[in-house]
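To start, the structure under review is shown below, and the notes come after it.
The values are calculated or read from the model by the stated rules, or taken from the named source; none is laboratory data. Here the structure is a predicted model, which is why all the values come from computation and not from measurement. Every residue, glycine among them, receives a Cβ derived from its backbone with ideal geometry; neighbour counts consider all protein chains shown. What goes into the accessible areas is simple: the full protein's heavy atoms, side chains included, and nothing from ligands, DNA or RNA. Shrake-Rupley method; radii C 1.70, N 1.55, O 1.52, S 1.80 Å.
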Amino acid sequence: MTSSASSPPRADLVLPCLDEAQALPWVLARVPAGWRPIVVDNGSTDGSAEIARSLGATVVHESRRGFGAACHAGLLASRADLVCFCDCDGSMDPGLLAAMAVRVAAGEADLLLGRRRPQGRGAWPVHARAGNLALARMLRRRTGLRLHDLGPMRVARREALLGLQLTDRRSGYPLQMVVRAADAGWRVAETDVPYLPRSGKSKVTGTWRGTWQAVRDMRKVLAEPPGTRSAPTEGVSA
């Protein structure tokens with residue numbers, strides 16, 4: 001795993017994983033030195049868990065299918081003060097989280113998001129960008145936050161995240177984190193990160209149908225009044 005000249009604070013890195021055997025070596029090789037990568041296997045059949053374990057990652061198994069279920073299992077398994085999240089498909093370099101963690105540790109933000117900047121053809125399909133733009137606009141109306149992206153790369157403090165009592169266990173989990181953070185008065189900010197063509201096909205935004213199903217799930221999150229604590233949602237693949 002890589003070293004960092006900026007000497008970032010130690011953190012746990014949650015990597016939700018469903019059949020990412022091809023991308024795992026590249027991803028894990030870029031985890032900042034001293035950090036603990038937590039690969040949350042969400043039912044892989046390609047040996048992802050075994051590969052992750054052989055490369056030194058902590059492996060957590062989450063039988064409930066869903067991006068949120070995998071992310072939350074990783075959060076519960078974390079022990080560091082700072083917790084980072086990143087996709088495990090090779091679309092983003094986890095080494096970039098080191099600088100983001102420094103900013104959160106320094107108090108510049110309570111929740112720092114990576115704003116995806118596509119690099120090369122196929123990095124971000126048109127339908128996925130359209131869905132993301134629509135969500136950003138809805139988020140602004142709901143919370144006043146002027147964000148451009150609701151990407152999965154993010155950093156926050158573990159205890160504070162647990163205090164948000166996140167309940168979505170599907171594709172609405174990242175959005176619910178931002179909405180509840182805003183309702184709680186957190187300083188939410190974003191920083192540009194390169195977004196590369198992913199390895200394999202997205203389980204959520206690989207099709208128009210999947211994208212708009214995700215948007216529908218997220219609209220439910222946006223419809224929650226401030227302070228609402230809904231029952232966990234289940235049953236959608238990560």
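Overview of values
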{"read-out": "All positions within the stretch 49-70 that are touching a residue at least 40 places away in the same chain (Cβ under 8 Å) and either open to solvent by less than 60 Å² (accessible area, probe 1.4 Å) or of a type in the set (Val, Ile, Thr) (or both)", "value": "56, 57, 66, 67, 68, 69, 70"}
{"read-out": "Residues located in the stretch 96-109, provided they are open to solvent by less than 50 Å² (accessible area, probe 1.4 Å) and closer than 22 Å to residue 148 by Cα", "value": "97, 98, 100, 101, 104, 107, 109"}
{"read-out": "Filter pass, residue 129 being open to solvent by 60 Å² or more (accessible area, probe 1.4 Å), modelled with pLDDT under 95 and in contact with a strand residue (DSSP E or B) (Cβ under 6 Å, 6 or more places away or on another chain)", "value": "no"}
{"read-out": "Among the residues listed as 110, 19, 81, the single one being under 22 Å from residue 217 (Cβ atoms) and of a type in the set (D, E, K, R)", "value": "19"}
{"read-out": "Single match in 142, 121, 103, 154 (criterion: at pLDDT 95 or above, over 15 Å from the mean Cα position of the chain (by Cα) and of a type outside the set (A, V, I, L, M, F, W, C))", "value": "103"}
{"read-out": "Within the stretch 1-83, strands (runs of 3 or more DSSP E) holding 3 or more residues that are in contact with an Asp or Glu (Cβ under 9 Å, 6 or more places away or on another chain) and over 23 Å from residue 112 (Cβ atoms)", "value": "58-61"}
{"read-out": "Tabulated pairs, the stretch 111-124, first farther than 7 Å from residue 197 by Cα, second modelled with pLDDT of 70 or more and polar (S, T, N, Q), C-beta under 8 angstrom, 6+ apart or interchain", "value": "112/191; 113/191; 114/191; 115/191"}
{"read-out": "Enumeration of residues in the stretch 132-147 that are of a type outside the set (A, V, I, L, M, F, W, C), farther than 19 Å from residue 192 by Cα and surrounded by 15 or more Cβ atoms within 10 Å (Cβ to Cβ)", "value": "142, 143"}
{"read-out": "Residues located in the stretch 88-118, provided they are assigned to a loop (DSSP other than H, G, I, E, B) and under 16 Å from residue 12 (Cβ atoms)", "value": "88"}
{"read-out": "Filtered residues of the stretch 148-161 (kept if open to solvent by 10 Å² or more (accessible area, probe 1.4 Å) and touching a strand residue (DSSP E or B) at 6+ places or on another chain (Cβ under 8 Å))", "value": "148, 150, 152, 157, 158"}
{"read-out": "Test result for residue 5, over 17 Å from the mean Cα position of the chain (by Cα) and modelled with pLDDT under 95", "value": "yes"}
{"read-out": "Lone unmet requirement of (1) touching a His at 6+ places or on another chain (Cβ under 9 Å); (2) touching a residue at least 40 places away in the same chain (Cβ under 8 Å); (3) of a type in the set (A, V, I, L, M) for residue 105", "value": "(1)"}
{"read-out": "Whichever residue in the stretch 76-95 is under 12 Å from the mean Cα position of the chain (by Cα) and under 15 Å from residue 191 (Cα atoms) and, among such residues, is surrounded by the fewest Cβ atoms within 10 Å (Cβ to Cβ)", "value": "92"}
